[in-house]
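Take a look at the structure below.
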Number of protein chains: 2
Amino acid sequence: MNEFSIIDRFAANLPRPAAQHNALHESDCELLDLPSGDVTLAITTDDLVEELALGFYPDPYTIGWVALTASLSDLAAVSADPLAALVSLGIHPGLEADFLDGVASGIADVCRANGIGIAGGDTNATPEFRIGCTAVGTLPRGAALTRRGCRPGDRVYVTGPLGTGALAALGRSAGGSLPTPAFRPVARLREGRSLRGVASACIDTSDGALDALGRLARLNGVGFDVDVAGCFDPSALAPLEARGLPGWLLLASLHGEFELLFTVPPGLVGALGRVSGAAGWRPIALGTVTGRPGIRIDPGTDVPPFVLDPLAVRALFEGYDGDLESLIAGLLALVRS
Amino acid sequence: MNEFSIIDRFAANLPRPAAQHNALHESDCELLDLPSGDVTLAITTDDLVEELALGFYPDPYTIGWVALTASLSDLAAVSADPLAALVSLGIHPGLEADFLDGVASGIADVCRANGIGIAGGDTNATPEFRIGCTAVGTLPRGAALTRRGCRPGDRVYVTGPLGTGALAALGRSAGGSLPTPAFRPVARLREGRSLRGVASACIDTSDGALDALGRLARLNGVGFDVDVAGCFDPSALAPLEARGLPGWLLLASLHGEFELLFTVPPGLVGALGRVSGAAGWRPIALGTVTGRPGIRIDPGTDVPPFVLDPLAVRALFEGYDGDLESLIAGLLALVRS
């Protein structure tokens, strides 16, 4: 069984809360109406597991930074106002105090940048270091963005350039054969809030942009025409181009940038320009929602609708020895299977 | 560093949420005022780690049951109305589907018994099975119970008999030399809600009753006179008595019963009788809050104020080979150190 069939089977046995808006897989956060008032609660929990096991982050500060950013990014994707976060730690007596100080420092800087705090968490004795974050936020009832709602003709955007998170994963896995700049992703909370009433669907690119497109395609019964020109961070694209590799590989990594990938109906494109300008950010056009199944990446490739199985992608990265050509072949085989 | 000094050092570097009521260690849940309305959010997260590593639970159903009950019990201890829970899983390809079905079945039965649902969670690939639950609830602003507030003269109660959780841990660690009945703890949500405005402090006994008393003692600058007569489940006490062992050992295990241990000012003892009777449960008297430091267990022992360090208690249980007398000596040394 892959991860999705395991989740589906596990969840099929469980009652869901009466107060919940979203069905399984439909949202980056769980959305729950509070019993009184007009408030919807957004809650998400995320353990950093594969990323640590595969050594994607070079230092404890980055580990703390990304651990909290990953959960705040889920709040951003539903357009929530963040309230607080919890941190779960697994520690052991051999762990150096400097290591934990570094993790805390990364978390604290993300807190300060986003005006939130850590309310608490849980600590356990584990043979290897573990970290996970739970984030909770609020929004007016009915205002949440979900992964559902895009239709053919909608325009597709991202909140920032893609590629740095993908390169962090590719480069660390390649054992230094690809240079990897410092990875300091930003949870797009301000951008997410400005998309209320404008975006028809929204998801973050935590598992890569291609995975995000595949989830939207499956959930909404649509396809995508993607134009990668102008969507990549030049510092992420350059190392690939220097080796003659296609840019779209940066969409298909196990790891993404925590940008928001969102769709906007044609009639609201003008509104998007106004709300993003007022909030001080600039959407990057990524393509169009189509009625034809498949994700056409131009220039590059054409893939059928899919959801990348993280377990399968992880297996690819675990077996990866720096041979990028064979990794590409493996990723292509995965998205085509 | 022990677990508490690690948590304190880690937390010292982190901003806390402006909306939070409780300070570190002061509550079983984190308590956050929502920006609009008169609602306080209660949130708690708990990973089942030591319990799984030490094999306290004999089957996947019990694992799922206890994983969710542990988090709901934290909601109960602050008197919250449960809203929903999230489940975090660590799975691997070698895990049998029957195992996961058993875990889900235990979770589902606890959901149904408490009228809640599972909103979502997180799944990762891990070398060993992992499970943790996050629970979220609400209560009227200002109504939350915390671990702070008891004063000398207050009466001490528990919501149900003690000993079965302690015996589950002692018995499994003893490799079958102590019989261990099925362990199906109940989150005391109904009891917790009825204690609003009546209890002066409340904590659950998830880490054992002695640990709970030690935390209350340290936080409130008080001591306790405890009378264990009548507080134990007879089925948990009998195996110890058959071996000539003291009953108070059941208070000092690594593991407890998820009962609420709470204090009531003398003037509200009558009110406790009314609210508990109306809600259909009966408090069990456990003793009195004193102004003198120390926890006097009668009959049995007299221990100074302390908090049992779970890492140290775990180390005792890891080295435990069925020799209960040496385990007792070790526990006594811990609480006296």
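Throughout, read-outs are computed from the coordinates displayed, never taken from laboratory work. Because the structure is predicted, anything quoted here is derived from the model rather than measured. Note that we place each Cβ from the backbone using ideal geometry, even for glycine, and neighbour counts take in every protein chain shown.
Here are some notes:
- Nearest-20 debye value, the stretch B:127-196 charge dipole, Cβ charges on Lys, Arg, Asp, Glu: 380 debye
- Separation of the stretch B:87-106 and the stretch A:180-207, taken as the distance between their Cα centroids, equals 32 angstrom.
- Mean sequence separation of contacting Cα pairs (under 8 Å, at least six apart), scaled by the length of chain A, corresponds to a relative contact order of 21 percent.
- Farthest positive-ward along chain B dipole, Cα basis, beta-carbon charges - from B:97, B:275, B:303: B:275
- Measuring from each Cβ of chain A to the axis carrying A onto B, the nearest residue and its distance in whole Å come out as A:37, 2.
- Placing a pseudo-label 7 Å from each Cα along the Cα-to-Cβ vector at residue A:281 and residue B:141 gives an inter-label distance of 3.0 nm.
- Selection from A:312, A:224, A:238, by position along the positive dipole direction of the stretch A:155-336 (Cβ): A:224
- Dipole moment magnitude, nearest 20 debye, chain A about Cα centre, only Lys, Arg, Asp, Glu C-beta charged: 1200 debye
- Computed packing ranks the peptides A:127-139, B:48-60, A:26-38 as A:127-139, A:26-38, B:48-60, most packed first, by mean other Cβ atoms within 10 Å.
- Overall form of the stretch A:233-296 per C-alpha gyration tensor (a/c, 1.5; a/b vs b/c): oblate
- The stretch B:1-83, relative contact order in percent, only Cα pairs under 8 angstrom and at least six apart counted: 24 percent
- When the Cα gyration tensor is reduced to axis lengths a ≥ b ≥ c, the ratio a/c is 1.5 or higher for the stretch B:64-205, and with a/b not above b/c it is classed as oblate.
- For the stretch A:155-336, size of Cβ-based charge dipole, Lys and Arg +1, Asp and Glu -1, in debye: 760 debye
- Under the criterion of Cα pairs below 8 Å and six or more residues apart, the relative contact order for the stretch A:13-140 equals 35 percent.
- Other protein chain C-beta atoms within 10 Å of residue C-beta, averaged over B:71-83: 1.
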